[in-house]
1. For GLU337, state whether it is assigned by TED's automatic domain parsing to the domain that holds VAL248 and part of a strand (DSSP E or B).
2. I want to confirm something. Restricting to region 280-335 and keeping residues that are farther than 16 Å from PHE264 by Cα and among the polar types (S, T, N, Q), which single residue is surrounded by the most Cβ atoms within 10 Å (Cβ to Cβ)?
3. Have a look at VAL102, VAL128, VAL134 and point out the one that is surrounded by 14 or more Cβ atoms within 10 Å (Cβ to Cβ) and closer than 30 Å to GLY407 by Cα.
4. How many residues does region 46-76 contain that are in contact with a strand residue (DSSP E or B) (Cβ under 6 Å, 6 or more places away or on another chain) and crowded, with 17+ Cβ neighbours inside 10 Å?
5. Condition test on GLY121, is it assigned to a strand (DSSP E or B) and surrounded by fewer than 24 Cβ atoms within 10 Å (Cβ to Cβ)?
6. Exactly one of (1) surrounded by fewer than 15 Cβ atoms within 10 Å (Cβ to Cβ); (2) touching a Leu at 6+ places or on another chain (Cβ under 9 Å); (3) not assigned by TED's automatic domain parsing to the domain that holds SER212 is unmet by LYS21. Its number?
7. Within region 263-280, can you find the residues that are part of a strand (DSSP E or B) and over 16 Å from THR379 (Cβ atoms)?
8. Between VAL161, VAL165, which is under 30 Å from ALA35 (Cβ atoms), surrounded by fewer than 24 Cβ atoms within 10 Å (Cβ to Cβ), touching a strand residue (DSSP E or B) at 6+ places or on another chain (Cβ under 8 Å) and touching a residue at least 40 places away in the same chain (Cβ under 8 Å)?
Amino acid sequence: MTGNQLNVTRLKYSDPDFDLKLDRLLAWESVSDGAVNNVVTEILQNVKKRGDEAVVDYSNRFDRLDVSSISELELGKEKLQQALDLISEDERNALDTAVQRVRDYHRHQKQDSWQYTEPDGTLLGQQVTPMDRVGIYVPGGKASYPSSVLMNAIPAKVAGVSEIVMVVPTPDAELNPLVLAAAALSGVDRVFCIGGAQAIAALAYGTETIPSVDKIVGPGNIYVATAKRAVFGLVGIDMIAGPSEILVVCDGKTNPDWVAMDLFSQAEHDEDAQPILISTDADFIDQVQFSIDKLLPTMEREPIIRESLVNRAALILVDSLDEAIELTNRIAPEHLELSIENPEQVLPRIRHAGAIFMGRYTAEALGDYCAGPNHVLPTSGTARFSSPLGVYDFQKRSSLIQFSPKGASEMGKVASVLARGESLTAHARSAEYRIIKEG
């Protein structure tokens with residue numbers, strides 16, 4: 001190692017202590033700070049009790065504002081349209097393209113009601129309906145993400161949600177016009193310039209001005225994540241997201257500069273982000289290390305990327321593509337790049353990943369903005385049991401059951417036996433009343 005080489009962790013799958021080292025590298029506790037929990041609990045209780053007044057107080061305190069009423073924190077649709085009119089032509093065209101692609105993709109996810117009729121006339125089925133109102137949390141200030149607006153609001157609109165309430169903090173009264181423009185194009189109905197745990201509390205409990213919602217989605221800091229976890233059950237939430245992750249599986253034939261920059265693309269999110277490369281080619285890993293050292297000084301967020309690479313990144317050498325796939329399923333990454341020849345051949349063997357980017361030209365960054373699929377993805381190994389945010393997250397399913405007289409009689413006999421086996425006599429007799437007496 002040269003003196004200028006960044007100390008990125010290197011692991012070898014065949015090493016006897018590989019499992020232990022990998023487990024330590026992957027370990028992450030998303031929301032576990034006792035002090036944060038205490039602060040969030042106090043905020044939630046205060047907003048629940050005092051409503052608008054508490055939200056205003058917290059906004060003035062945490063976002064350094066000077067407002068006297070909640071009405072000063074709400075933006076009308078004319079403000080959103082004004083922001084849309086003021087952005088540059090290039091920005092407008094980029095937003096329009098992204099909106100169209102995200103909407104087109106999510107239309108394929110929309111589920112419809114269905115039913116069928118059995119021979120005796122019994123009808124069974126499922127009725128699919130949208131939620132009435134959802135809240136989306138969008139980070140604000142300098143760390144503003146118009147793409148978050150698109151990815152959270154558009155699936156809700158496609159699902160048929162009647163009202164979308166967006167909350168976005170505006171520290172020092174700083175408004176990001178791209179975020180507001182994205183809200184205008186995505187069909188957001190109401191916007192409040194509030195953030196933190198107080199925004200989550202307002203959406204969950206409702207205040208005199210801010211309506212309560214059925215579900216809260218969108219990324220935020222540890223206070224937001226802790227608040228979302230606390231109100232889950234009263235309202236739905238999308239997920240408790242950990243730091244961003246990317247796993248690149250490469251056969252050594254992709255430009256190493258491309259791979260290094262793909263790792264950077266997630267590392268620049270924050271110091272806890274986790275970029276991992278798995279390759280069968282030891283020389284290629286050396287080339288990527290060289291590219292990292294060469295390109296890192298050119299990055300605007302170099303200190304953040306550096307810390308992510310030193311503390312949470314890994315360059316992993318495996319003996320075969322089979323080992324790479326086995327490791328991939330174990331890690332269950334948020335973003336997976338299959339930077340290999342014929343990625344479609346190994347696709348059926350990938351069981352756990354939030355989003356799969358196939359081929360050398362499919363940079364993960366395209367998925368963040370304009371590919372079409374949602375960029376709200378499961379992190380910290382939760383891709384083992386979770387899915388990307390989608391239209392289905394804003395739809396509910398109700399079972400449909402309508403028995404014919406004959407069907408009710410036949411199934412009543414079955415229900416009677418099972419109910420009496422559970423000593424639930426009222427259940428049994430309720431079913432028995434519908435049994436048609438013979439003769």
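1. On the way: assigned by TED's automatic domain parsing to the domain that holds VAL248: yes; part of a strand (DSSP E or B): yes.
Answer is yes for this residue.
2. THR328
3. Details: VAL102 fails: closer than 30 Å to GLY407 by Cα; VAL134 fails: closer than 30 Å to GLY407 by Cα.
The unique qualifying residue is VAL128.
4. Residues flagged as in contact with a strand residue (DSSP E or B) (Cβ under 6 Å, 6 or more places away or on another chain) and crowded, with 17+ Cβ neighbours inside 10 Å within region 46-76 amount to 2.
5. Details: assigned to a strand (DSSP E or B): no; surrounded by fewer than 24 Cβ atoms within 10 Å (Cβ to Cβ): yes.
It is false that GLY121 is assigned to a strand (DSSP E or B) and surrounded by fewer than 24 Cβ atoms within 10 Å (Cβ to Cβ).
6. If we test LYS21 against (1) surrounded by fewer than 15 Cβ atoms within 10 Å (Cβ to Cβ); (2) touching a Leu at 6+ places or on another chain (Cβ under 9 Å); (3) not assigned by TED's automatic domain parsing to the domain that holds SER212, just (1) comes out false.
7. Here is the first cut: in region 263-280, the ones part of a strand (DSSP E or B) are 274-279.
Those that are part of a strand (DSSP E or B) and over 16 Å from THR379 (Cβ atoms): LEU277, ILE278, SER279.
8. Numbers: VAL161 fails: under 30 Å from ALA35 (Cβ atoms).
Exactly one residue qualifies, and that residue is VAL165.
The values are calculated or read from the model by the stated rules, or taken from the named source; none is laboratory data. Computed from a predicted structure; not experimentally measured. Virtual Cβ from ideal backbone geometry, glycine too; neighbours counted across all protein chains shown.
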